[in-house]
Amino acid sequence: ESRALNPYGYSHASRYRREVQSVQIPKGEMIALDWTFAALKNYLLAGSKAIFTGMKGSTREWIYAQIVKTTGVDQVSHLLIESKIKMAENDPAVLYTDTCPHNAPFCRKIYGSSLLTRLGLFHLMHRIVDTLDSHSMVYWKVLVKLKACFYTYREADLSALIRCLTDGSFYRDGSKLSRPQIDAIQHSKKWKGRFDAFLQKVLKLGPSINYSLSKWVDDCKDLADDTGRRAFTNTTMKAVNNQLEKVEHAEDPNEIDLYTEIPAGKASSHGLSKWQSKRPESALEKGHESLAHYANGGCAPEFADILTLGGMAAHNVQRRWICKMNELKLKGQEVSIPVEYQDQPPFWDHSYLQYLNDRAKDSNLLPIFSKTTPIDEDNGIEFL
């Protein structure tokens, strides 16, 4: 992995680092920054506290990764400043962190005074959800009411989904759901797993969230099941009070398109488009789950770095491929790859593809591969 024995003249380890370095953050982009702890189990590295990570919203590509001694921003200032200077494009408009509004002046010194800082809805809600008793029979009733405090669904999407569920076009076997059945699914994990992708969320404004949360507390704090078990716990009220003053920082930024449309395939029975959110904080949290498995447990730092960066590079290659497939669908072009394989790129090493294209060019031949994403030269940014 560390030796430059490849035809294109540099090692796989160098390619992994350059794959992450080459991600561009154009003007108007949204990014998220956060720390993760589970991935450190892959390292034999004394004094390490966490791994600082970053992700681009529109494509969900990794942009940052650094092992730190503490979760203070002083530990990552060098990486962020260096990335701002050395990356080809690094001009985000919105930055999501779980510490917002803290450290906002620090971030604006790096990315510019016009940077908007936002508290991710994922973190805001989970600080309350994690205090609820999931074993109470009224848990889902309380949780659905809590979600309604923060966001609604775009009316056109919700109406189209309900129509398909009731007229039998959603399921291939023609099953039709009644209103009580739909309501029961909404009060279970199945709603998010099956239908969330077809719905665009519209976040409420701060004062509205504040009012709704206060009403939610009044309506649900004494709700209990037949055994007397409440969904509210002793820490729920404290969590809500801590978040009431922060809800305004979770508002969606104005004049930014927050979703990417993924058109339905030709074989779809319902014809509903899926919607991928460009809000990056939820995708970053999901990426942390994979990050913990990119390396074997307890490796020497040099080896763990290679395995981890290799996983991050592969993730970025896959995300770019998925975005290309979506672009083709939006243009109305036919994608001949079976649906179950459309998210799997046919080639993972685009440096080799570019090398073959260059050899073809040297022989006055047309390029062999048309959808390559060659990486930039090493700009010196170090990760992990």
TODO: For the stretch 166-271, run through the chymotrypsin sites (Phe, Trp or Tyr not before Pro) and keep only the ones in DSSP coil with at most 15 other Cβ atoms within 10 Å of their Cβ.
DONE: 171
Task: Calculated from backbone phi, Karplus (6.51, -1.76, 1.60) coupling profile of the stretch 12-26 in Hz, x at Gly/Pro - done: 5, 4, 5, 4, 4, 5, 5, 4, 6, 4, 7, 5, 9, 10, x
- [ ] Along Cα→Cβ, 7 Å out, is where each label goes; now give me the distance between the ones at residue 358 and residue 214 in nm to one decimal.
- [x] 6.4 nm
Task: For the stretch 100-240, with +1 on Lys and Arg beta carbons and -1 on Asp and Glu, the positive-most of 136, 104, 205 along the dipole - done: 104
Task: Cα shape, the stretch 218-316, gyration tensor, a/c 1.5 rule - done: oblate
Open item on the list: How tilted is helix 350-362 with respect to the longest principal axis of the chain? Cα atoms for both, answer in degrees (0 to 90, nearest 10).
Closed with: 40 degrees
TODO: Evaluate the Debye formula for the chain with equal point scatterers sitting on the alpha carbons, no solvent, and hand back log10 of I(q)/I(0) at q = 0.10, 0.13 Å⁻¹, in q order, two decimals.
DONE: -0.79, -1.24
TODO: On the protein heavy atoms, probe 1.4 angstrom, tell me the percent of accessible surface of the stretch 270-329 carried by carbon and sulfur.
DONE: 53 percent
TODO: Can you figure out the FRET efficiency of residue 274 with residue 46, using R₀ = 35 Å and their beta-carbon distance, to the nearest 0.05?
DONE: 0.20
Open item on the list: Quick check: the angle from helix 77-86's long axis to the longest principal axis of the chain, C-alpha only, nearest 10 degrees?
Closed with: 60 degrees
TODO: Using a 10 angstrom cutoff on alpha carbons, build the Gaussian network for the chain and name the most mobile of 97, 260, 227.
DONE: 227
- [ ] Pick out which of 331, 147, 221 has the largest mean-square fluctuation in a Gaussian network model of the chain, springs linking Cα atoms closer than 10 Å.
- [x] 331
Open item on the list: Out of the trypsin sites (Lys or Arg not before Pro) in the stretch 1-82, which ones are loop residues according to DSSP with at most 13 other C-beta atoms within 10 Å?
Closed with: 3, 27, 69
Task: Rounded to 5, percent antiparallel among DSSP beta bridges of the chain - done: 70 percent
- [ ] Just name one of 193, 220, 263: the one whose Cα is farthest towards the positive end of the charge dipole of the stretch 139-297 (beta-carbon charges, Lys/Arg +1, Asp/Glu -1).
- [x] 193
- [ ] Subtracting the Cα-Cα distance from 0.36 nm times the residue separation, let me have the gained length for residue 162 to residue 114 in nm, one decimal.
- [x] 13.2 nm
- [ ] May I ask for the net charge around residue 289, where only other residues with Cβ less than 15 Å from the Cβ of residue 289 are counted and Lys, Arg are +1 while Asp, Glu are -1?
- [x] 0
Task: Longest site-free stretch - the chain; sites: GluC sites (Glu not before Pro), DSSP loop, at most 15 other Cβ within 10 Å - done: 90-244
- [ ] Place a +1 charge on the Cβ of each Lys and Arg in the chain and a -1 charge on the Cβ of each Asp and Glu, then give the dipole magnitude about the Cα centre in debye, rounded to the nearest 20.
- [x] 620 debye
- [ ] If a/c stays under 1.5 just call it rounded; otherwise compare a/b with b/c (prolate if a/b is bigger, oblate if not). Do that for the stretch 1-62, with a ≥ b ≥ c from the square roots of the Cα gyration tensor eigenvalues.
- [x] oblate
Open item on the list: Angle check, please: helix 301-330 long axis (alpha carbons) against the longest principal axis of the chain (alpha carbons), in degrees 0 to 90, nearest 10.
Closed with: 70 degrees
- [ ] Please give the length that would be gained between residue 222 and residue 300 if that part of the chain were fully extended, namely 0.36 nm times their separation in residues minus their C-alpha to C-alpha distance (nm, one decimal).
- [x] 22.8 nm
- [ ] Would you compute, from DSSP H runs of 4+ residues alone, the mean residue ellipticity of the chain at 222 nm, taking -39500 (n - 2.57) per run and dividing by the full residue count, rounded to the nearest 500?
- [x] -12500 deg cm²/dmol
Task: residue 382-residue 70 pseudo-label distance in nm [points 7 Å out on the Cα-to-Cβ vector] - done: 2.1 nm
Open item on the list: Set the bar at 28 Å for Cα to Cα. Now go through 192/215; 145/286; 56/192; 56/274; 189/324; 147/286 and name every pair that lies beyond it.
Closed with: 189/324
Open item on the list: Out of the total accessible area of the stretch 333-384 (probe 1.4 Å, heavy atoms of protein only), what percent is carbon and sulfur?
Closed with: 52 percent
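Which loop trypsin sites (Lys or Arg not before Pro) in the stretch 249-280, with loop taken from DSSP, have no more than 11 other Cβ atoms within 10 angstrom of their Cβ?
Answer by residue number: 266.
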- [ ] Could you calculate the FRET efficiency of residue 229 with residue 130 from 1/(1 + (r/R0)^6), where r is the beta carbon distance between them and R0 is 25 Å, rounded to 0.05?
- [x] 0.90
- [ ] Assuming a ≥ b ≥ c are the square roots of the Cα gyration tensor eigenvalues, decide whether the stretch 305-384 counts as rounded (a/c under 1.5), prolate (otherwise, with a/b larger than b/c) or oblate.
- [x] oblate
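Could you calculate the contour length gain from residue 239 to residue 175, that is, 0.36 nm times the residue separation minus the distance between their Cα atoms, to one decimal place in nm?
Additional length available on full extension: 18.9 nm.
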- [ ] In a Gaussian network model over the chain where Cα atoms closer than 10 Å are linked, find which of 122, 106, 52 has the largest mean-square fluctuation.
- [x] 106
TODO: Roll a 1.4 Å probe over the protein chains and send me the accessible area per residue for the chain in Å².
DONE: 51 Å²
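The values are calculated or read from the model by the stated rules, or taken from the named source; none is laboratory data. Because the structure is predicted, anything quoted here is derived from the model rather than measured. Glycine also receives a Cβ, built like all others from the backbone with ideal geometry; neighbour counts cover every protein chain displayed. Surface accessibility is based on the protein's heavy atoms, side chains included, excluding ligands, DNA and RNA. Shrake-Rupley method; radii C 1.70, N 1.55, O 1.52, S 1.80 Å.
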